[in-house]
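**Q** Got a structure for you, written out below as structure tokens; questions coming shortly.
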Amino acid sequence: MSAVEIAARVRSGEWSAVDVLEGHLEAISAREGEIHAFNLVMVDEAREAAAAVDSAVASGRDPGPLAGVPVALKDNMCTRGVPTTCSSRILDGWRPPYDATVVTRAVEAGAVVIGKTNLDEFAMGSSTEHSAFGPTLNPHDTTRVPGGSSGGSAAAVAAGFSSVALGSDTGGSIRQPAALCGVVGVKPTYGLVSRYGLVAFASSLDQIGPFAGSVADAALMLEVIGGHDPMDSTSIPRPAPDISAHLDRGVEGMRIGLITELLEGVDPDVAARVHEAAETLSAAGAVIDEVSVPATLYGLTAYYLIAPAEASSNLARFDGVRYGLRVDGPDTAEMMIRTRSAGFGDEVKARIMLGTFALSAGYYEAFYGKAQKVRTLVRREFGAAYADHDLLLSPTSPSVAFPLGAKADPMSMYMCDVCTLPSNLSGEAAMSVPFGSGAHGLPVGVQVLAPAMGEVEMFRAAAVLEAGAPSESATEEGRS
Amino acid sequence: MTAITPEEVEHVAVLARLRLSPEEVTHFTGHLGAILEHAADVEALDLADVPPTSHPVHLENVMRPDTVGPTLDRSEVLAEAPAAEQDRFRVPPILGVEP
């Protein structure tokens, strides 16, 4: 259900936040057993919050721009007194003593937190299969993955369990599941949204952003959570941009480049939708051409050295001392070894070891040092592309949603992020917009990329794509 | 480039405070080897004149006024720890333990 509509009708007193919530809880009762989008549905807390919104309206107070809007939170965002697991055994039983800034801002704007969503353990994965609590399934086809790592948030919005959701995106973890589940997903510019209270994976890449059923809902959510936060030293000292007011300004005269390298090697059904998206933007007055960004191809390797290197450092804090699981031992070092060996899953262990290896003596320059230089190339080439383009366009994911267990080989899973991770390396903005369907009638997402702080232009193009997206029947020939 | 050896995997596990079973050593040697094989792409590039990027935005130290503000409640934080004593996190012995 549209967040813009819920907020407007709850603020005017036409709808009750409690009724809106109950509608979503019914949807959860009907299908959550099958989908497993949530680690925790916060029924009691949500009912209390919705009732508070209604009594604010009844007493003449404005609950805020997200009045009564159900929001689902990826379970790597801290919620005071409510378990925050990162879908890992190592945080077993831990209840954070504070709320993440994004949670505080959403709640202060009148949102109703409906639950904590499933993810690949510590956000490491592209399918939500690497959760200690079992996989989330794609609401469009429950034999397939929802993408990841924010698969629970994407599935929750796609299944109508929540109006909007928040995720985190380190290499595509918002945009790729959004594409695979047929919803809008946004990775804002690095520093636009505070990460205070987000459990860190790779600090130079992580960014929080919204999932929504529409471009307008995503804009509303981003306006609420964005803007400077003194609690995050990487937060850009500027207010959140006003996006909603500019959504209908179109793309007349905009120069938009199709990234050549990211159209090669993707499935033909996906490439066809991206070319149609380019035609849609062209018909709306944008000037489209192809642009080469060759470093995007090296980005994958650089990413899979940089992200694990940072993760190996960030995840050192999970040692059985301060939170969650402890497996006792005769001395502290042995306790830490036992706790970490029992608490982390295989994918997390693999990435910690890969990162430790890439940073270790004798290998640092060859791996981590080179990867950081590739990062410079990615930034330079994007910079050159944006010198004569306002926006860039590419697929979000090389394929539609794939069956569970289909990507057992680690490199084939990592390839899922090839189109999305360059924006994390460059720190720039990008979002996925649903644009018709591909093989098996499954959703296809088109990625709109923008330079840093280019959110307004990015959302304008997204709105044009949303309005011009082919209907189900129009892409019927793409089914197989 | 040389693929990672089982001995290197065992060494890295020690550095990362992880203990692996012999089956896990075999599994992770293959897993990490597959990824490092792709890292050869990057190794082959001539990047001598390219400076590294560690962070997407320019960061510099920012000083703020040293004023007293609210902090997390100590008892609430310690209540979530696996063990606490005398307002501190409690851990098993660190000193005087035979290695």
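**Q** Got a sec? Which of A:GLU290, A:GLU279, A:GLU264 is in contact with a Leu (Cβ under 6 Å, 6 or more places away or on another chain) and more than 11 Å from chain B (Cβ to nearest Cβ)?
**A** Sole residue among the options that is in contact with a Leu (Cβ under 6 Å, 6 or more places away or on another chain) and more than 11 Å from chain B (Cβ to nearest Cβ): A:GLU290.
**Q** Right, next: Can you confirm whether A:ASP328 is surrounded by fewer than 20 Cβ atoms within 10 Å (Cβ to Cβ) and either of a type in the set (A, V, I, L, M, F, W, C) or over 30 Å from A:ALA467 (Cα atoms) (or both)?
**A** yes
**Q** Now for a separate question. Looking for something surrounded by 24 or more Cβ atoms within 10 Å (Cβ to Cβ) and part of a loop (DSSP other than H, G, I, E, B) - is there at least one such residue anywhere in the stretch A:150-157?
**A** For the stretch A:150-157, residues surrounded by 24 or more Cβ atoms within 10 Å (Cβ to Cβ) and part of a loop (DSSP other than H, G, I, E, B): present.
**Q** Another question, if that's okay. All but one of (1) at pLDDT below 95; (2) part of a helix (DSSP H, G or I) hold for A:LEU354, so report the exception by its number.
**A** If we test A:LEU354 against (1) at pLDDT below 95; (2) part of a helix (DSSP H, G or I), just (1) comes out false.
**Q** Enumerate the helices (runs of 4 or more DSSP H) found wholly within the stretch A:206-308, keeping only those where 1 or more residues are modelled with pLDDT of 95 or more and over 30 Å from B:ILE35 (Cα atoms).
**A** Ranges flagged: A:215-225, A:268-283.
**Q** Something else about it: Among A:GLY324, A:GLY362, A:GLY345, which is the only one that is more than 23 Å from B:THR29 (Cβ to Cβ) and small (Gly, Ala, Ser)?
**A** A:GLY324
**Q** Shifting gears a bit: Residues in the stretch A:237-257 that are within 14 Å of another protein chain (Cβ to nearest Cβ) and either crowded, with 20+ Cβ neighbours inside 10 Å or basic (Lys, Arg) (or both): how many?
**A** Residues flagged as within 14 Å of another protein chain (Cβ to nearest Cβ) and either crowded, with 20+ Cβ neighbours inside 10 Å or basic (Lys, Arg) (or both) within the stretch A:237-257 amount to 1.
**Q** Could you please find all residues in the stretch A:298-347 being among the acidic types (Asp, Glu) and more than 28 Å from the chain's Cα centre (by Cα)?
**A** Answer for the stretch A:298-347, where residues must be among the acidic types (Asp, Glu) and more than 28 Å from the chain's Cα centre (by Cα): A:ASP328, A:ASP331, A:GLU334.
**Q** Taking A:SER360 and the conditions (1) over 30 Å from A:THR280 (Cα atoms); (2) facing chain B (nearest Cβ under 9 Å); (3) in contact with a Ser or Thr (Cβ under 9 Å, 6 or more places away or on another chain), which numbered condition does it fall short on, given that it satisfies the others?
**A** (3)
Results for (1) on the phi > 0 side of the Ramachandran plot; (2) touching a residue at least 12 places away in the same chain (Cβ under 8 Å), shown as yes or no for each residue.
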residue: A:SER59; (1), (2): no, no
residue: A:PRO63; (1), (2): no, yes
residue: A:GLY68; (1), (2): yes, yes
residue: A:VAL71; (1), (2): no, yes
residue: A:LYS74; (1), (2): no, yes
residue: A:THR79; (1), (2): no, yes
residue: A:PRO83; (1), (2): no, yes
residue: A:CYS86; (1), (2): yes, yes
residue: A:ILE90; (1), (2): no, yes
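**Q** Going through the stretch A:445-458 one residue at a time, which ones are under 18 Å from the mean Cα position of the chain (by Cα) and farther than 11 Å from A:PRO188 by Cα?
**A** Within the stretch A:445-458, A:GLY445, A:VAL446, A:GLN447, A:VAL448 qualify.
**Q** Which residue, of A:SER312, A:SER399, is of a type in the set (Ser, Thr, Tyr), out of contact with any Pro (no Cβ under 7 Å at 6 or more places or on another chain) and within 11 Å of chain B (Cβ to nearest Cβ)?
**A** A:SER312
**Q** Since B:VAL91 meets every condition but one in (1) surrounded by fewer than 17 Cβ atoms within 10 Å (Cβ to Cβ); (2) among the aliphatic types (A, V, I, L, M); (3) farther than 16 Å from A:PHE357 by Cα, which condition does it not meet?
**A** With respect to (1) surrounded by fewer than 17 Cβ atoms within 10 Å (Cβ to Cβ); (2) among the aliphatic types (A, V, I, L, M); (3) farther than 16 Å from A:PHE357 by Cα, B:VAL91 is out only on (1).
Every residue, every condition in (1) buried (at least 20 other Cβ atoms within 10 Å of the Cβ); (2) within 25 Å of A:SER88 (Cα to Cα), yes or no:
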| position | (1), (2) |
| --- | --- |
| A:MET1 | no, no |
| A:VAL10 | yes, no |
| A:GLY13 | no, no |
| A:SER16 | no, no |
| A:VAL20 | yes, no |
| A:GLU26 | no, no |
| A:GLU32 | no, yes |
| A:ILE35 | yes, yes |
| A:ASP44 | no, yes |
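**Q** Only residues in the stretch A:120-132 that are touching a residue at least 40 places away in the same chain (Cβ under 8 Å) count as the first member; pair them with residues that are surrounded by 24 or more Cβ atoms within 10 Å (Cβ to Cβ) and among the aliphatic types (A, V, I, L, M), Cβ under 6 angstrom, at least 6 apart or cross-chain, and list the lot.
**A** As it stands, the answer is A:GLU121/A:VAL348; A:PHE122/A:VAL348; A:MET124/A:VAL348; A:SER127/A:VAL145, since those pairs meet every condition given.
**Q** Give A:GLY362, A:GLY329, A:GLY324 a once-over and let me know the one that is part of a loop (DSSP other than H, G, I, E, B) and at negative phi.
**A** Only one candidate qualifies: A:GLY329.
**Q** Wholly within the stretch A:1-117, which helices (runs of 4 or more DSSP H) include no fewer than the required count, namely at least 3 residues that are within 20 Å of the chain's Cα centre (by Cα)?
**A** Answer list for the stretch A:1-117: A:101-108.
**Q** Output the number of residues of the stretch A:138-149 satisfying the condition of being in contact with a strand residue (DSSP E or B) (Cβ under 9 Å, 6 or more places away or on another chain), assigned to a loop (DSSP other than H, G, I, E, B) and buried (at least 24 other Cβ atoms within 10 Å of the Cβ).
**A** 4
**Q** Go through the stretch A:318-343 and report how many residues are in contact with a Lys or Arg (Cβ under 8 Å, 6 or more places away or on another chain), at the interface with another protein chain (Cβ under 8 Å from one of its Cβ atoms) and not acidic (Asp, Glu).
**A** Adding up the residues that qualify gives 10.
**Q** What tally of residues in the stretch A:186-227 results from selecting those that are crowded, with 24+ Cβ neighbours inside 10 Å and touching a Cys at 6+ places or on another chain (Cβ under 6 Å)?
**A** Number satisfying all stated conditions: 1.
The values are calculated or read from the model by the stated rules, or taken from the named source; none is laboratory data. Remember, predicted model here, so these are calculated numbers, not experimental data. Using ideal geometry, Cβ is built from the backbone for each residue, glycine included, and neighbour counts are taken over all protein chains shown.
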